[in-house]
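Pasting a structure here, questions to come.
The values are calculated or read from the model by the stated rules, or taken from the named source; none is laboratory data. This is a predicted model, so every value here is computed, not measured. Cβ sites come from the backbone with ideal geometry, for glycine too, and all protein chains shown count toward neighbours.
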Amino acid sequence: MRQIMRQDFIHAVLAAGVAGLLLSATDVSAQTQRSLPRFEVEAGWPKVPPQFRVGDVSSFAVNAQDQVFLLHRPRTLKPDQAAMAAPPVMVFDAAGNYLKSWGGPGAGYEWVEREHGIHIDYKGFVWIGGNNCPTNNLPGLKPVADDQLLKFTQDGKFVLQIGKSNQSKGNADTANVHRAADGWVHPATNELFVADGYGNHRAIVFDADTGAFKRMWGAFSNKPVDKDDCEIQRYTTFSDPGPDQFSIVHAIRVANDGMVYVADREFRRVQMFSNDGKFIKQLVKPDTLFARNLALSSDPEQQFLYVGDGKTIAVVDRKTLTLAGAIEAPGMVGGGHHIATDSKGNLYVAATGSGMQKLAFKGMTTASR
């Protein structure tokens, strides 16, 4: 299956139109035709055990065995369901069968108040961050900021904490994050790249073993500045290149070749950087709710970047940072809050209050533009 998928990704076919289930082409590139991925919703995925209830589904991560780790917010459940709340981390196989669950407060670490992002690194460790703000007064949550990142084994054994709850000193702080949204470990350098995030407005990099600070940057490689708003600032007008600072740094991905991609959600743009934080280019899409999240396609070249885009998921050429098409499978819950891919090309969509979904990869098609 993997070999067939790789051949499909590499082979470009000449055809016109868009094949039935999925892709509507929307790109502005000079190419007239391109092979694009197809997906369809996998009904009934996952199989949540009847004794559990799942709160707002915030994020997915996939391990080397294609087991899918779901991060949800148990404290968003209504009072009549709270007693059945599943632990915040639930693990399923690719077919949706339940395997195990864990997470929550424990000895030696500070669990996040509002679960937000989850990532499994190349060594198999699980990273979790949160985005609680103390003045939002959300039901059941302590009035503290999630200024820490947590590292666990895949069975939930605590390994490392970077930062401390409610201790951020702003964008110049190298010891704490501030309501970080997402993280990604790059194997070649063993560095944790963090989308930091809701309170700060930067990408920050730590040593993945020790948690030692390495470097950080803001939009366009600028020095990030302080502007801490608990209420999300919504914008109605957009431009290219846009403001010189990030708004909500909501997702981050590092490709195998070291290129770093940052989703600046409220300014509807994805920025591309070198591994050392040098700005390269950006894609702005002001007409839709673009840059909700990010995921890399699983072909060897990682030729596509999937980007949450309102009701769809945009398919972006990773190297040119140009639009190639859009995932619009019937029955989709939309572009989601966070998304993840597995080794076979499937997409997992965490859509907070709208639930969760697996989009099964169905090979390649062509779209004319």
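Does segment 21-37 contain at least one residue that is at pLDDT 95 or above and surrounded by 15 or more Cβ atoms within 10 Å (Cβ to Cβ)? Explain how you work it out, then say what you get.
Going through segment 21-37, the residues at pLDDT 95 or above turn out to be 36-37.
Then drop every residue that is not surrounded by 15 or more Cβ atoms within 10 Å (Cβ to Cβ), which leaves 36-37.
Checked against the condition, which is being at pLDDT 95 or above and surrounded by 15 or more Cβ atoms within 10 Å (Cβ to Cβ), segment 21-37 yields at least one hit.
If you take just the strands (runs of 3 or more DSSP E) that sit entirely in segment 279-347, which of them hold at least 3 residues that are touching a Phe, Trp or Tyr at 6+ places or on another chain (Cβ under 8 Å) and modelled with pLDDT of 95 or more? Give the steps one after another, and end with the answer.
On the way: elements: 279-284, 290-296, 304-309, 312-317, 322-327, 338-341.
Qualifying strands (runs of 3 or more DSSP E): 279-284, 290-296, 304-309, 312-317, 338-341.
Quick grid of which residues meet (1) over 14 Å from ASN275 (Cα atoms); (2) surrounded by fewer than 20 Cβ atoms within 10 Å (Cβ to Cβ); (3) within 20 Å of the chain's Cα centre (by Cα); (4) not charged (D, E, K, R):
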{"residue": "ALA175", "(1), (2), (3), (4)": "yes, yes, no, yes"}
{"residue": "ARG179", "(1), (2), (3), (4)": "yes, no, yes, no"}
{"residue": "ALA188", "(1), (2), (3), (4)": "no, yes, no, yes"}
{"residue": "ARG202", "(1), (2), (3), (4)": "yes, no, yes, no"}
{"residue": "LYS214", "(1), (2), (3), (4)": "no, yes, no, no"}
{"residue": "TRP217", "(1), (2), (3), (4)": "no, no, yes, yes"}
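Separate question: Only one of (1) surrounded by fewer than 24 Cβ atoms within 10 Å (Cβ to Cβ); (2) free of Cβ contacts under 8 Å to residues at least 60 places away in the same chain; (3) in contact with a Lys or Arg (Cβ under 6 Å, 6 or more places away or on another chain); (4) not charged (D, E, K, R) fails for THR365. Which number is that?
Every condition holds for THR365 apart from (2).
Collect the residues in segment 205-223 that are assigned to a loop (DSSP other than H, G, I, E, B) and closer than 24 Å to LEU160 by Cβ, keeping them in residue-number order.
First, pick out the residues of segment 205-223 that are assigned to a loop (DSSP other than H, G, I, E, B): 208-212, 218, 222-223.
Within segment 205-223, ALA208, ASP209, THR210, GLY211, ALA212 meet the criteria.
Would you point out which residue out of TYR198, TYR122 is in a loop (DSSP other than H, G, I, E, B), at pLDDT 95 or above and surrounded by 24 or more Cβ atoms within 10 Å (Cβ to Cβ)? Give the steps one after another, and end with the answer.
Details: TYR122 fails: surrounded by 24 or more Cβ atoms within 10 Å (Cβ to Cβ).
Checking each option against the conditions leaves just TYR198.
Using the structure shown, decide if GLY129 is among the small types (Gly, Ala, Ser), touching a Ser or Thr at 6+ places or on another chain (Cβ under 7 Å) and within 22 Å of ASN293 (Cβ to Cβ). So that I can check it myself, show each step before the final result.
On the way: among the small types (Gly, Ala, Ser): yes; touching a Ser or Thr at 6+ places or on another chain (Cβ under 7 Å): no; within 22 Å of ASN293 (Cβ to Cβ): yes.
When the stated conditions are applied, GLY129 does not pass them.
Considering only segment 253-275, state which residues are small (Gly, Ala, Ser) and either crowded, with 22+ Cβ neighbours inside 10 Å or assigned to a helix (DSSP H, G or I) (or both).
Result: ALA263, single match.
List, please: which pairs have Cβ atoms under 8 Å, are six or more places apart or on different chains, and start with a residue in segment 67-90 that is farther than 21 Å from ILE128 by Cβ and end with one that is among the hydrophobic types (A, V, I, L, M, F, W, C)?
MET84/PHE52; MET84/LEU77
Another question, then. Any residue at all in segment 294-316 that is polar (S, T, N, Q), on the phi < 0 side of the Ramachandran plot and out of contact with any helix residue (DSSP H, G or I) (no Cβ under 9 Å at 6 or more places or on another chain)?
yes
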